[in-house]
1. Looking only at residues that are part of a strand (DSSP E or B) and hydroxyl-bearing (Ser, Thr, Tyr) in region 70-117, which one is surrounded by the fewest Cβ atoms within 10 Å (Cβ to Cβ)?
2. Could you grab the pairs with beta carbons closer than 6 Å, sequence gap of 6+ or different chains, first residue in region 28-44 and under 15 Å from Val74 (Cβ atoms), second one among the hydroxyl-bearing types (Ser, Thr, Tyr) and open to solvent by 60 Å² or more (accessible area, probe 1.4 Å)?
3. Within region 62-94, work out how many residues are under 14 Å from Thr47 (Cβ atoms), touching a Leu at 6+ places or on another chain (Cβ under 9 Å) and at pLDDT below 95.
4. Name every residue in region 1-13 that is of a type in the set (A, V, I, L, M, F, W, C) and either open to solvent by 80 Å² or more (accessible area, probe 1.4 Å) or in contact (Cβ under 8 Å) with a residue 12 or more places away in the chain (or both), in order of residue number.
5. Being in a loop (DSSP other than H, G, I, E, B) and surrounded by 10 or more Cβ atoms within 10 Å (Cβ to Cβ) is the filter here; which residues of region 20-43 pass it?
6. Output the number of the condition that Leu17 fails; it satisfies all remaining conditions of (1) in a loop (DSSP other than H, G, I, E, B); (2) aliphatic (A, V, I, L, M); (3) more than 16 Å from Leu117 (Cβ to Cβ); (4) in contact (Cβ under 8 Å) with a residue 12 or more places away in the chain.
7. Could you pull out the residue among Gly67, Gly46 that is in a loop (DSSP other than H, G, I, E, B), closer than 18 Å to Tyr9 by Cα, open to solvent by less than 50 Å² (accessible area, probe 1.4 Å) and touching an Asp or Glu at 6+ places or on another chain (Cβ under 9 Å)?
Amino acid sequence: TSSDAVLEYSLNTAFDLSDTVTYTGNSYDFSAEDTSPTSVTFSATGTRMFIVAYGSDVVYQYDLGTGFDLSGSVTYNGINLDLTSQEGAPFGITFSTDGLTFFAIGAISDRVHQYSL
């Protein structure tokens, strides 16, 4: 949360942090939209990125020109979802495999909230 940025890392072995992990130098500065990002997740293709902001209790949606690649085009498309009425301190989200449901976890309610898209 101190840098207000999403940083990109490359893994030598898929889903394995015990192998070589390298910072790519690619990042997205989130401060134009909000502060205190606490979580990031992607669509299955990686062309859509979602950032959770602890400071405002909002989930922001972005479009990426190339899936899972912050070195290219990253565009805030103006779409966001305010979670304040369910959770005053969201810390993370994840999506179902079909992308039609997402789950948010928070620090104030200590609950997992389910949303249908």
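The values are calculated or read from the model by the stated rules, or taken from the named source; none is laboratory data. Quick caveat: nothing in here was measured; it's all calculated off a predicted structure. All Cβ positions, glycine included, derive from the backbone under ideal geometry; neighbour counts span all protein chains shown. For the accessible areas, the whole protein counts, side chains as well, though only heavy atoms, and no ligand, DNA or RNA atoms are used. Shrake-Rupley method; radii C 1.70, N 1.55, O 1.52, S 1.80 Å.
1. Narrowing region 70-117 to residues part of a strand (DSSP E or B): 74-82, 90-95, 101-106, 112-116.
Next, only the ones that are hydroxyl-bearing (Ser, Thr, Tyr) stay: 75-76, 94, 101, 115-116.
Working: Thr75: 11, Tyr76: 16, Thr94: 13, Thr101: 13, Tyr115: 15, Ser116: 7.
Top of the filtered list is Ser116.
2. Glu33/Tyr76; Thr41/Thr94
3. Residues meeting the conditions: 1.
4. Ala5, Val6, Leu7
5. Step one: of region 20-43, the residues in a loop (DSSP other than H, G, I, E, B) are 20, 30-36, 43.
Passing the criteria: Thr20, Phe30, Ser31, Glu33, Asp34, Thr35, Ser36, Ser43.
6. (4)
7. Numbers: Gly67 fails: touching an Asp or Glu at 6+ places or on another chain (Cβ under 9 Å).
That would be Gly46, the only listed residue that is in a loop (DSSP other than H, G, I, E, B), closer than 18 Å to Tyr9 by Cα, open to solvent by less than 50 Å² (accessible area, probe 1.4 Å) and touching an Asp or Glu at 6+ places or on another chain (Cβ under 9 Å).
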